[in-house]
Amino acid sequence: MIAIILAKFRMFIRNPWTFIIFTVMSLGFAFIIGGNGAVSTITVPITAEEGAIENINLKESLENEEAFRFNWLDEEEMRNQIENGKAEAGVILSDDSYQLIIGVESPNVSMIEQAVQRAYMKHNQKEAIVKAAEADTEDKRETLLQDFEATMESPVFEVETTRFTSEDAVIYDNTFQSLFGFTLFFVIYTIAYNLLPILVEKREGIWDRMILSPVKKWEVYVANLVYSFLEGYIQIVIIFCVFHYGLKLDFYGKFVEVLLLSVPYVFAIVALSILLTAIVKNVQQFNAVIPIIAVSMAMIGGAYWPLEIVESEILIALSKINPITYGMEILNGVVLYGYSFEELLYPISILVLMGVVMTGLGIHLMERRHV
Amino acid sequence: MLELVDLSKKFKQLYAVKNVNMFVERGEIIGLLGPNGAGKSTAISMISSLAEPTSGDVRFHNESILKKPGDFRNIVGVIPQEIALYTDLTADENLQFFGRMYRLKGSTLKNKINEILDLVGLTDRRKDVVKTFSGGMKRRLNIGVALLHDPELLIMDEPTVGIDPQSRNYILETVKRLNKERDMTVIYTSHYMEEVEFLCDRIYIMDHGNLIASGTNEEIKRILSSEKTISIKSDQLNEQFISLIQEHPLVNRVVTTDKEITLMVAKEVSMFVELTKFAEQAGIELTSVHNRTPTLEDVFLHLTGRALRD
C-alpha cells in the first residue's frame, strides 16, 4: 500500500501541474472576489459652508471614520462628482446642521449619514462639557478636552454591549464566502483528477497487475483513496495558510479548527470522485462529467453565493444532498457563527455518512464492471 | 500442471468461452490462437484468476485456483496485451514499484531488477522515463515486470503487437530462453502464426468461444492433409474472377485479399487450366499461381473461415 502511495507521489512530483493550477485558481478567485479581509473604504466628497467648521473636532471625528474617506472639496466640485456618478453622495456641513446630497440611493448613504451624525454628536458632547466646566479661556478649553480624550481612551470601567444572535440571523462575510467557496469548489477537481488514473490503470492493465500481486485489493483501493485525500487536503491547507500567514487573515482565531474540520468534506469528495469514476465508462466521459458536477454542486451548495439568498424550494432541497452545503456550513459555522462542536456534529455526520455510502457504492460498481 | 475443465464464461446471454478443456504440461510453450472475439482474452483472464468462470474450473497441480487464488498468483506471471506500466516513471522505478508489490525489497529487489533489465536489454535505459521509450522497449519492459517474482507459469497475451521486427525477434528469443534456461511454462496468444509456429510445442485454436482444434503444429496441419492450397496473385483481381472460382465445384474454400486469392482444393485436383480460362473470361492478367502444402494459417482459415487477423 505504501509503495502505491509513494509511486503516486513520485509521479505527482514529475507532473504537479494539475495540482498547481487548481491551487493557484482557488487562491486567485478567492483573493480577487473576496479580497484579503481588509476593510475597503468609500470616498465621500465633503464641503463646508463658508465660515463653518472652524472647530477641528468635527473634522477629526469624520477623518477617524474607518469605513469612509472624506474628501474635502468645494461645493461645485462635489456636485460635479455626484452628477458624474463618481460619488454616491456628498455632505455639506454647517455649524449645527448638515445637508446630504444623494446621487445614488444605496445602503452606503444611510451609513454616511450615521457617520456624520456621530461626528456632530461627539462635537456637541465636547461643546457641552466645555460649557458645563465654564472653560472660558482657550488654554482651559484645550486642557479640558485633552483630559476628556485621555479618559475616553482609558476609561475607569467599560460597558460591553452584546446581543443574542437569533437562529435565523445571517452573517455574511465576503472574504470568507469566497475563500471557503472557491477552495471547496476547486478541490473537487484536484481530488477527482487524482482518482482518474484508476480508469487509466484499469484500461491499461496496471490495475490487473496489482491485483495479481500479493497486495490485497482493498489495499489498492485504500492507497488510491488515501493519496487523493492527502493531495486534496494539502491543497486546502496551502490555500488557508496563504491567507492566514501571507495575507494575515485571522479566521477569528479558529484557524486550526478550520483545518481540522475540512477533513470530513475532503473525505466526502474523495468518495464522490470514486463513485463518479465507477459510473463513467472512459476518460472522455469523466472529463465531460466532472465540470458539470463540480459547477452545479458549487452553485447549489452555496460556494459562489450564500445559500440564504436562494429562494427556490427545489434548489434548497437539492442542496441537502450536496457535500459543499455541509462543507460551507462547517467552515462558516466555526469561523463566523462560532458553532460549538455539538452544533457542528450534524454537518460532519452527514459528510461522513455521504463518504461511507459513496465509497461503498463506488467500489461495488467498479468491481461489478471489472472483468 | 494446468488444466481447464469445461471452462465457461457467460456475459448476459452470450458465451465468451464455452466448455473449454485444455491442459498444459510443465515446461511446454502452448499457443492459443483465435481471431478477434474468439474468447482468448476471456480465457486468459480466467486462467490467470482475474475473472471467475461461470462454470467449470481451472486446476493447477490438481487443485482449483478458485479456492486459493492468492497462492496461484504468486507463481503466475501475466503479460497483458496493453503496456501496463507507469509511463511517467523510469524503467528502474517501474520495476521497483512492481517488485514491491511482490514483497521484494532491499538487495533481493535490487539484484532482481538488474537481472531483469539485463534479460530484456534495457540496462542502458534504466534511468529513462518510460514515455520516452520506443514501442519495442516498452513491450520488453512489460515482459520484464511479469518476471520479477520468478513465475513458474508465464501467460503472454499478444506481447508483440505493434512493434518492429527486431524487437519482436528479441522477445521471441527471450521467451525461448526463459523456457529453456528456467524451465518456464508459457501460454502464448498471438495474431502472428509464424510466432506460434516458431515458439509453441502445442496449439489450441479457439473461435466463437469454442475450442475447435488442438495438437502439435504437425498434428494440426494434418487436418488438411488431403488438401492443398493454391495461391493466385494479380493486380487486377475483380468480382467476376472471384465468383467464377467460388462457383467451381472442386474448390472447397476461397479467401481473398486485395491482390491475392487463396483457395483450397483436394490434393489431386489441378486447377491451372480452369484458372487461366477464368482469368481470360474476367479480362485480367495473373501475376503468379502457386501450389503449396497447407500451412497453419491455412488450417486456421479452414477451421474458422476467417483470417487470423480479421
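Which shape class, rounded, prolate or oblate, goes with segment B:85-167 when its Cα gyration tensor gives a ≥ b ≥ c as root eigenvalues, a/c under 1.5 marks rounded, and past that a/b bigger than b/c marks prolate? Don't jump to the answer; show the numbers that get you there.
Numbers: a/c = 1.83, a/b = 1.29, b/c = 1.42.
Oblate, because a/c is 1.5 or more while a/b does not exceed b/c.
Pick out, from B:I242, B:I230, B:T287, the residue whose Cα sits farthest towards the positive end of the charge dipole of segment B:191-310, with +1 on the Cβ of Lys and Arg and -1 on the Cβ of Asp and Glu. Farthest along the dipole direction, towards plus: B:I230. For segment B:1-74 and segment B:149-199, compute the distance between their C-alpha centroids and round to whole Å. Measuring centre to centre over Cα atoms gives 19 Å. Scalar couplings 3J(HN,Hα) for segment B:135-144, obtained by applying the Karplus form with A = 6.51, B = -1.76, C = 1.60 to θ = phi - 60°, are x, x, 5, 4, 4, 5, 5, 4, 6, x Hz; x denotes Gly and Pro. When the residues B:R222, B:R103 are ordered by accessible surface, computed with a 1.4 Å probe over the protein chains alone, the sequence from largest down reads B:R222, B:R103. Taking every lysine pair in segment B:42-159 that is 8 or more places apart or spans two chains, those with Cα atoms closer than 25 Å amount to 10. Straight-line cross-link partners of B:K10 among the aspartates and glutamates, defined as a Cα under 13 Å from its Cα and at least 8 positions apart when in the same chain: B:E52.
For A:C241, the solvent-accessible surface computed with a 1.4 Å probe is close to 40 Å², ligands and nucleic acids excluded.
Counted over the protein assembly as shown, the DSSP beta bridges are approximately 65% antiparallel. Comparing A:I102, A:I211, A:I292 in a Gaussian network model of chain A where C-alpha atoms under 10 Å apart are linked, the largest mean-square fluctuation is found at A:I102.
From the helices alone, meaning DSSP H stretches of at least four residues, give me the mean residue ellipticity at 222 nm for chain A, per-run term -39500 (n - 2.57), in deg cm²/dmol to the nearest 500.
Working: 15 runs with 241 residues, N = 371.
Dividing the helical sum by the residues of chain A leaves -21500 deg cm²/dmol.
Electrostatic tally near A:S319: other residues with Cβ closer than 13 Å to its Cβ, Lys and Arg +1, Asp and Glu -1, net -3.
Positive end of the dipole of segment B:2-216 (Cβ unit charges, origin at the Cα centre): among B:N114, B:S41, B:F97, the Cα lying farthest that way belongs to B:F97.
Under the simplified labelling scheme, the A:I21-A:H364 pair shows an inter-label distance of 3.5 nm, with each label point 7 Å from Cα along Cα→Cβ.
With both bridge residues required to lie in chain A, what share of the DSSP beta bridges run antiparallel, to the nearest 5%? Walk me through the numbers before you get to the answer.
Values: 5 of 13 bridges.
Bridges in chain A are about 40 percent antiparallel.
Excluding ligands, DNA and RNA, the accessible surface per residue across the protein assembly as shown is 50 Å² with a 1.4 Å probe. Ranking B:V130, A:G301, B:L2 by Cα position along the charge dipole of the protein assembly as shown, where only Lys, Arg, Asp and Glu carry charges on their C-beta atoms, puts B:L2 farthest toward the positive end. Cα centroid distance between segment B:231-310 and segment A:216-231, in Å? If you average the Cα positions of each part, the centres end up 58 Å apart. Take every Cα pair under 8 Å whose residues are at least 6 apart in sequence, average their separation, divide by the length of chain A, and the relative contact order is 19 percent. Computed with a 1.4 Å probe on the full set of protein chains, the accessible area for A:E77 sits at about 90 Å².
Taking the Cα centre of segment A:42-153 as origin, work out the dipole magnitude from +1 charges on Lys and Arg Cβ and -1 charges on Asp and Glu Cβ, in debye rounded to 20.
Numbers: 10 positive and 26 negative charges, 75 e Å.
Using only the charged Cβ atoms, the result is roughly 360 debye.
Could you compute the net charge surrounding B:S234? Neighbours are other residues with a C-beta less than 11 Å from the C-beta of B:S234; K and R count +1, D and E count -1. Before the final figure, lay out the partial values.
Working: positive: B:K233, B:K259; negative: B:D235, B:D258, B:E260, B:E285.
Taking every other residue near B:S234 into account, the sum is -2.
Based solely on its DSSP helices, what 222 nm [θ] is calculated for chain B when runs of n ≥ 4 H residues each add -39,500 (n - 2.57) and the sum is averaged over all residues, nearest 500 deg cm²/dmol? Write out the running numbers ahead of the final one.
Values: 11 runs with 108 residues, N = 310.
Dividing the helical sum by the residues of chain B leaves -10000 deg cm²/dmol.
Scattering from segment A:192-251 was approximated by placing one identical point on each alpha carbon and applying the Debye formula without solvent; log10 I(q)/I(0) at 0.15 1/Å stands at -0.57.
Going by the alpha-carbon gyration tensor, a ≥ b ≥ c the square roots of its eigenvalues, is segment A:206-341 rounded (a/c under 1.5) or, if a/c is not under 1.5, prolate (a/b greater than b/c) versus oblate?
Numbers: a/c = 2.41, a/b = 1.42, b/c = 1.70.
Oblate is the answer for segment A:206-341, as a/c is 1.5 or above yet b/c matches or exceeds a/b.
Counting lysine pairs in chain A whose alpha carbons fall under 16 angstrom apart, excluding pairs fewer than 8 residues apart on the same chain, gives 9.
Among rounded, prolate and oblate, which fits the protein assembly as shown when a ≥ b ≥ c are the square roots of the eigenvalues of its C-alpha gyration tensor, a/c under 1.5 means rounded, and a/b larger than b/c means prolate?
Details: a/c = 3.76, a/b = 2.82, b/c = 1.33.
Prolate, because a/c is 1.5 or more and a/b exceeds b/c.
Give, rounded to the nearest 20 debye, the magnitude of the charge dipole that segment B:2-216 has about its Cα centre when Lys and Arg contribute +1 at Cβ and Asp and Glu contribute -1 at Cβ. Could the numbers behind the result be given before it?
Values: 28 positive and 29 negative charges, 126 e Å.
It works out to roughly 600 debye.
Assuming charge only on the beta carbon of Lys and Arg (+1) and of Asp and Glu (-1), the dipole of segment A:285-371 about its Cα centre is about 460 debye to the nearest 20. Accessible surface comparison of B:Y15, A:Y265, probe 1.4 Å, protein chains only, largest first: the order is B:Y15, A:Y265. Accessible surface ranking for A:K254, B:K12, 1.4 angstrom probe, highest first: B:K12, A:K254. Dividing the mean sequence gap of close Cα pairs (under 8 Å, 6+ apart) by how many residues chain B holds gives a relative contact order of 21 percent.
Tally the DSSP beta bridges in segment A:42-153 and give the antiparallel ones as a percent, rounded to 5. Write out the running numbers ahead of the final one.
Values: 5 of 13 bridges.
Of those bridges, close to 40 percent are antiparallel.
Summarising the label geometry, the points placed 7 Å from Cα in the beta-carbon direction at A:I5 and B:T132 lie 3.1 nm from one another. Calculate the FRET efficiency for B:A266 and B:D235 from the Cβ-Cβ distance with a Förster distance of 35 Å, rounded to the nearest 0.05. Approximately 0.75, to the nearest 0.05. For the pair B:S243 and B:N291, a Förster radius of 22 Å applied to the C-beta separation gives a FRET efficiency near 0.50, rounded to the nearest 0.05.
Where the accessible area of segment B:2-216 is counted over protein heavy atoms with a 1.4 Å probe, how much of it, in %, is carbon and sulfur?
Numbers: 4000 of 8760 Å².
Result for segment B:2-216: 46 percent of the exposed heavy-atom area is carbon or sulfur.
Modelled spin-label separation between B:D183 and B:I284, with each label point placed 7 Å from Cα along the Cα-to-Cβ direction: 5.5 nm. The slack between A:D250 and A:V226, meaning 0.36 nm per residue of separation minus the straight C-alpha distance, is 5.7 nm.
The values are calculated or read from the model by the stated rules, or taken from the named source; none is laboratory data. None of these values were measured; they are calculated from a predicted model. Please note: Cβ atoms are built from the backbone with ideal geometry, for glycine as well, and neighbour counts cover all protein chains shown. These accessible areas exclude ligands, DNA and RNA; they are computed on the full protein's heavy atoms, side chains included. Shrake-Rupley method; radii C 1.70, N 1.55, O 1.52, S 1.80 Å.
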